[in-house]
Amino acid sequence: MKRSYLVAVLFAVFTLNSNLQAQPLITIDWVTVGDPGNSNDTTGYGAVAEEYRIMKFEFQNSQYAAFLNSVDPNGTNPNSVYSADMGSNPLGGISFTSDNASGSKYANRTDMGDKPVNYVSWFDAARVSNWLQNGQGSDSTETGAYTLNGATSGNAPAVNSGATFYIPTEDQWYKAAYYKGGGTSAGYWDYATQSDAAPAPVTANETGIGSAGSTGNFGNWGVAADWNGQDGNVTTVGSNGEASAYGAFDMSGNVSAWNDQDGLDSALRGVRGGCWAHGSDSLSSSYGFTDAPTTENSFRGFRIASVPEPSTHALLLMTGAGALWWARRRR
């Protein structure tokens, strides 16, 4: 009987390990936002009841190009997931070549793969959420985290119950950016660089890497990062100064980000974080606005949030325990 227990456990562990080794098209660096049940800021935002994860960096052109090649291998552009500005505007980062082989029609433009994707609507970010929710497979953009069913305009649907990848709420975005962490009444910074002083503007080198490196009170704002022949431009994610207290970079500057503001009319979606083209006031915790979910421009991007994932070790233990229970049931 002990042998059957061992066989069951080994089979479960082998199966789980095989699943864990399956390689997704893209990998995402996450930071965990803890301190659940924290208090609001004086602005009325930032309280979140549960632990969650948010992208360490803005969603990048290289990641979005992989998404495009996955869901649109033939280049027919279903649901307008690709904006022509990505390829024609000097500030865009993804080219489209119709003569390329199926599944490789979209590619990073020179020096743009590690820059935040722009010219993306809220609907585009929702479709990326669905794609992640469904395991990064082809033809999986219309259901999952959001029920879209071909919608590219009009009202934005609410996130579906049980979604594990989604556009962060305004409170989640706000907390990840400005909360000091370390308790439920820790307070908030004015800027996402762990500072109450406005970040200094970064400059950029010839390939668009921000001059501040990974430390210091800097941000990409004020049309200061001149490169690629442009008077101000997006810069390499993570190269524009200090991260937030939870380790998320570029939440003050580079591109502003979509969020799902609680209680907002579905004809509008929230936006926060400031951008390369605007002033320092747009970077602060006191600044947020709404926009139509169809809006696309050179200074708007997004990052995704998700529910925490159990560690591999915990999954193995849980699976092993389940296998033992199953084997005992069969005695």
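Read-outs throughout are calculated quantities, based only on the coordinates presented, and are distinct from any laboratory measurement. Keep in mind that what you see is a predicted model, and the values were worked out from it rather than measured. So basically every Cβ, Gly included, is an ideal-geometry build from the backbone, and we count neighbours across all protein chains shown.
A few remarks follow.
- Amide hydrogen proximity for V33: with H placed 1.01 Å from N in the peptide plane, the residues at 5 or more positions away or on another chain lying under 5 Å are Y52, R53, I54.
- For the chain, the longest principal axis of the C-alpha atoms and the axis of helix 312-329 are separated by about 30°.
- A simple rule links phi to the HN-Hα coupling: the Karplus curve 6.51 cos²θ - 1.76 cosθ + 1.60 with θ = phi - 60°, which for region 69-79 gives 5, 6, 8, 9, x, 9, x, 8, 6, x, 6 Hz, with x for Gly and Pro.
- Amide H contacts under 5 Å for L268, placed H, 5+ residues apart: A156
- Computed from backbone phi, the HN-Hα couplings of region 206-220 come to 5, 10, x, 7, x, 6, 7, x, 10, 9, x, 8, 10, x, 8 Hz, rounded to whole numbers (Karplus: 6.51 cos²θ - 1.76 cosθ + 1.60, θ = phi - 60°; Gly and Pro given as x).
- In order along region 161-176, the Karplus-derived 3J(HN,Hα) couplings, from 6.51 cos²θ - 1.76 cosθ + 1.60 at θ = phi - 60°, round to 4, x, 4, 10, 10, 6, 6, x, 5, 4, 4, 5, 4, 4, 5, 4 Hz, and Gly and Pro are given as x.
- Distances between placed amide hydrogens fall under 5 Å for G187 paired with K180, all partners being 5 or more residues away or on another chain.
- Excluding same-chain neighbours fewer than eight residues apart, the aspartates and glutamates reachable from K175 by a Cα-Cα span under 12 Å are D35, D41, E50, E51, D190.
- Stretchable slack from V307 to N155, in nm (0.36 nm times residue separation minus alpha-carbon distance): 52.2 nm
- Counted residue by residue at 0.36 nm each, then reduced by the alpha carbon distance between them, the extension gain from A267 to S185 reaches 26.1 nm.
- Spin-label model, T290/T97: points 7 Å from Cα along the beta carbon direction are separated by 4.4 nm.
- GNM remark for the chain: springs join alpha carbons under 10 Å apart, and the peak mean-square fluctuation among L148, L25, L91 falls on L25.
- The chain: angle of helix 2-21 to the longest principal axis, Cα-based, in degrees nearest 10: 20 degrees
- Counting neighbouring Cβ atoms within 10 Å and putting the fewest first, the residues I94, I26 line up as I26, I94.
- Fraction of antiparallel bridges per DSSP, region 29-303 only, in percent to nearest 5: 75 percent
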